[in-house]
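Notes to accompany the following structure.
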């Protein structure tokens, strides 16, 4: 027996979650299916709209100001400036503990690689680390977290010309956690303020961490640590550490696995649950029926193919990195519905010889009509009841532009809203 819904969203990343939320808020019966866990746990938790133009101009002060001048094939040009702003409004409404909504200009935040990144929304836990703040900073790394070298990050920030003095120091986390400890292990210890062994005695985790940082402080008014400072009680953890250190504590966004990404994922899934959407993860889409319309998809589960039917579908499976776009030696293709992906016939034209060049493959993806419905090589509709959103779309280079989150939010919002209106 087929599982039925009015709108079925394929993909559990930011675009898929936003599509499902947008459709559910329009009153549609929504089902989201995703093969893997959400990709948000691999993201920094920062939400970018547009940091650089396709020509490399930037960092941009006002991302909205640059959107009307983007190429016609860019997803922002497809959905329009108003939709981008509405999508950001939805994000601000459903995701707590984020800042940046008070202004249309980008903020500049330091990253764990020592760069300064333009971003539109950022966790409150990272806010005291803004590069526009001129208060001096002490960065504190952990011996067991080798992907955050505090001295290296500090040197890079100094070279970037930040308006404050910054130093880096490295400590052992109290309890001497192993190098392979998960970030959630650190967060849990600080959340619960559990006892940890320190030189043969047990101390509360927050006190023990503050005691290791305090001797390193000179006259810095800000202290930055890797993004491990609690999960369920992150605000309390930072407040307690700030009080004990006499300096404002902030988190530096990290690479995967990302605690801010996990927090963002939790907030969006909670919003989806409140909106009444159903969610299934862990099983891939194996096939579909239909020609001009998709009639049903089949979810592979325990060796069986379970039919799922809907009036409208949203394809939000990600790009080349997320396997929403695949390639072989001859072609680039979309694997779920076999939607057309325009690419050069000669695979050596997919990339530049210069590692940092403008690689054509970075913009490969599905092309759509103004309603985000995929089109074929002649510009005709592939399926009248399918819309595409997020990284599966072509026409933009999210890594170079720093636009991935914003495109996922705005196209997800537009695709979900349009699908729901069509289904109802």
Study note, to complete from the structure: Given a Förster distance of 51 Å, the FRET efficiency implied by the Cβ-Cβ spacing of residue 338 and residue 176, rounded to the nearest 0.05, works out to 0.45
Review point. How far, in degrees from 0 to 90, does helix 150-159 lean away from the longest principal axis of the Cα atoms of the chain, to the nearest 10?
Key: 80
Check your understanding: What is the gain in length, in nm to one decimal, between residue 192 and residue 55 on full extension, counting 0.36 nm per residue of separation less the C-alpha to C-alpha distance?
Key -> 44.5 nm
Review point. Does region 382-424 classify as rounded, prolate or oblate by the C-alpha gyration tensor (a ≥ b ≥ c root eigenvalues; a/c under 1.5 gives rounded; else a/b over b/c gives prolate, otherwise oblate)?
Key: oblate
Review point. Against the longest alpha carbon principal axis of the chain, how many degrees, from 0 to 90 and to the nearest 10, is the axis of helix 259-275 turned?
Key: 50
**Study point:** Length released on extending from residue 424 to residue 218, taking residue separation times 0.36 nm less the Cα-Cα span
**Key:** 67.9 nm
Check your understanding: Considering only DSSP beta bridges whose two residues both sit in the chain, what percent are antiparallel, to the nearest 5?
Key -> 45
Revision key, fill the gap. Ranked by GNM mean-square fluctuation in the chain (Cα springs under 10 Å), the top entry among 315, 272, 189 is 189
**Study point:** Counting DSSP beta bridges with both ends in region 127-252, the antiparallel % (nearest 5)
**Key:** 20
Review point. Relative to a virtual label point 7 Å from the Cα of residue 155 in the Cα→beta-carbon direction, which members of region 111-136 show backbone nitrogen distances below 15 Å?
Key: 113-115
Revision key, fill the gap. At R0 = 35 Å the Cβ-Cβ FRET efficiency linking residue 384 and residue 65, nearest 0.05, sits at 0.50
Exercise for review: Would you mind calculating the gained length between residue 301 and residue 115 on full extension (0.36 nm times residue separation, minus the Cα-Cα distance), in nm to one decimal?
Suggested key: 62.6 nm
**Study point:** Correct option for Rg/Rh (Cα atoms, Kirkwood Rh) [calculated from the coordinates] among (i) 1.05; (ii) 1.00; (iii) 1.20
**Key:** (ii)
Review point. Relative to the first principal axis of the alpha-carbon coordinates of the chain, what is the inclination of helix 183-192, with its axis defined by its Cα atoms, in degrees from 0 to 90 and to the nearest 10?
Key: 60
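What shape does region 208-269 take by its C-alpha gyration tensor, where a ≥ b ≥ c are the square roots of the eigenvalues and a/c under 1.5 counts as rounded, a/b above b/c as prolate, and the rest as oblate? Each step should come with its number before you reach the end.
On the way: a/c = 2.70, a/b = 2.05, b/c = 1.32.
Since a/c reaches 1.5 and a/b is larger than b/c, the shape of region 208-269 is classed as prolate.
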Review point. Do the sum for the chain: with -39,500 (n - 2.57) for every DSSP H run of n ≥ 4, divided by all residues, what is the mean residue ellipticity at 222 nm, to the nearest 500 deg cm²/dmol?
Key: -8500 deg cm²/dmol
Point to revise | Rounded, prolate or oblate (a/c below 1.5 giving rounded, otherwise prolate when a/b exceeds b/c) for region 72-130 by Cα gyration tensor | key: oblate
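Every number here is computed from the coordinates shown, using simple stated rules; none is lab data. It should be emphasised that the depicted structure is a prediction, and the values quoted were computed from it without experimental measurement. Every residue, glycine as well, gets a Cβ built from its backbone with ideal geometry; the counts of neighbours run over all protein chains shown.
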